[in-house]
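Accompanying notes for the structure given below.
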Amino acid sequence: MIAASISTSPNAFIQRVRTASGFDSRRATQLWRALYQDKRWIRSMSDADHSAQPFAAAFKAAVAESASLSGALTLQSVSTARDGTHKLVFALSDGEGAA
């Protein structure tokens, strides 16, 4: 199973999603951006349904079969500083150290 991880490089993540889902790299790139780059920080594929470019049902199903978007983390809060930087607070949802 592919796990989206903040430590995973964009190229490695995109290649793994493309291989697992059978879709071209544009869809995997769109997923990477929704997870980390566009300040949307989606938690599930359905979180992107209201975006300007929602994912097709076939892509969502393919990703759901082979990937986990949680990465064993649950986003608790997002704070924005005056300089525009964002602080994301996560809780572990699985594994060692989880509450």
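The values are calculated or read from the model by the stated rules, or taken from the named source; none is laboratory data. Only a predicted model underlies this, so the values are computations on that prediction, with no experimental measurement involved. Quick reminder, even Gly has a Cβ in these numbers, built from the backbone with ideal geometry, and neighbours come from all protein chains shown. For accessibility, only protein heavy atoms count, side chains too; no ligands or nucleic acids. Shrake-Rupley method; radii C 1.70, N 1.55, O 1.52, S 1.80 Å.
Within segment 19-40, one or more residues are surrounded by 13 or more Cβ atoms within 10 Å (Cβ to Cβ), more than 16 Å from Leu75 (Cα to Cα), touching a strand residue (DSSP E or B) at 6+ places or on another chain (Cβ under 6 Å) and at pLDDT 75 or above. Taking (1) open to solvent by 50 Å² or more (accessible area, probe 1.4 Å); (2) at pLDDT below 75; (3) more than 15 Å from the chain's Cα centre (by Cα) in turn, Val89 satisfies each apart from (2).
Identify all residues within segment 29-81 that are among the hydrophobic types (A, V, I, L, M, F, W, C), part of a loop (DSSP other than H, G, I, E, B) and over 15 Å from Phe13 (Cα atoms); write none if there are none. Once the filter is applied, which keeps residues that are among the hydrophobic types (A, V, I, L, M, F, W, C), part of a loop (DSSP other than H, G, I, E, B) and over 15 Å from Phe13 (Cα atoms), segment 29-81 yields Trp41, Ile42, Ala52, Phe55, Ala56, Ala72, Ala81.
For segment 41-58, residues that are in contact with a Lys or Arg (Cβ under 8 Å, 6 or more places away or on another chain) and open to solvent by 60 Å² or more (accessible area, probe 1.4 Å) total 2. Within segment 61-85, residues that are more than 18 Å from Asp49 (Cα to Cα) reach partners that are open to solvent by less than 60 Å² (accessible area, probe 1.4 Å) and modelled with pLDDT of 80 or more with beta carbons closer than 6 Å, at six or more positions or on different chains, in the pairs Thr74/Ala91; Gln76/Val89; Gln76/Ala91; Ser77/Val89; Val78/Leu88.
Considering only residues in segment 21-36 that are touching a residue at least 24 places away in the same chain (Cβ under 8 Å) and closer than 19 Å to Ser46 by Cβ, the one that is nearest to the chain's Cα centre (by Cα) turns out to be Leu35.
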